1. Just for the stretch 7-40: of the residues that are closer than 9 Å to residue 53 by Cβ and hydroxyl-bearing (Ser, Thr, Tyr), which one is surrounded by the fewest Cβ atoms within 10 Å (Cβ to Cβ)?
2. Go through the stretch 41-79 and report how many residues are surrounded by 12 or more Cβ atoms within 10 Å (Cβ to Cβ) and part of a strand (DSSP E or B).
3. Would you mention how many residues in the stretch 80-91 are in a loop (DSSP other than H, G, I, E, B), open to solvent by 70 Å² or more (accessible area, probe 1.4 Å) and touching a helix residue (DSSP H, G or I) at 6+ places or on another chain (Cβ under 7 Å)?
4. Read through the list (1) within 16 Å of the ligand (Cβ to nearest atom); (2) out of contact with any Ser or Thr (no Cβ under 9 Å at 6 or more places or on another chain), then give the number of the only condition that residue 69 fails.
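The values are calculated or read from the model by the stated rules, or taken from the named source; none is laboratory data. Remember, predicted model here, so these are calculated numbers, not experimental data. Note that we place each Cβ from the backbone using ideal geometry, even for glycine, and neighbour counts take in every protein chain shown. These area figures cover heavy atoms from the full protein model, side chains too; ligands, DNA and RNA do not enter into them. Shrake-Rupley method; radii C 1.70, N 1.55, O 1.52, S 1.80 Å.
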Amino acid sequence: MASLPTYRWRLAPDGYATFRQLRALGLRPGGQDVAAQLERPRRRRGALVAFLYRVDLALPVRPMTPAKQAALAKANAARRMCPECGRDAGYRIPSSLGTCVPCADNPSQLAA
Ligand SMILES: [Zn+2]
């Protein structure tokens, strides 16, 4: 394995960022290999290492597509639907109840 360029902590060159720094910029490494590493020497224990990625190769964090958003909304709606009365409870059905709260409170009301 080719050895990575290693920089001292806080001395990373411009254009490089750690994964967390990329995320703070709304970016992700995007499949690129680690470009360099940061090394922070510690006493007694081994050096702390952080991987650096090239900012110019980073890609935006995948935006949510309309289809994905619709699927998510549908899944949420399904979780709000009470299987007992078939109504949209307006909140997520607690899995401990399995039904909306009125149904859980008055199971006989429906039968009547
Ligand atoms: Zn219900």
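1. Filtering the stretch 7-40 for residues that are closer than 9 Å to residue 53 by Cβ and hydroxyl-bearing (Ser, Thr, Tyr), the one surrounded by the fewest Cβ atoms within 10 Å (Cβ to Cβ) comes out as 18.
2. 7
3. Filtering the stretch 80-91 for residues in a loop (DSSP other than H, G, I, E, B) gives 82-87, 89-91.
Subset that is open to solvent by 70 Å² or more (accessible area, probe 1.4 Å): 83-84, 87, 91.
Next, from what is left, pick out any that are touching a helix residue (DSSP H, G or I) at 6+ places or on another chain (Cβ under 7 Å): 84, 91.
Residues meeting the conditions: 2.
4. Exception for residue 69: condition (1).
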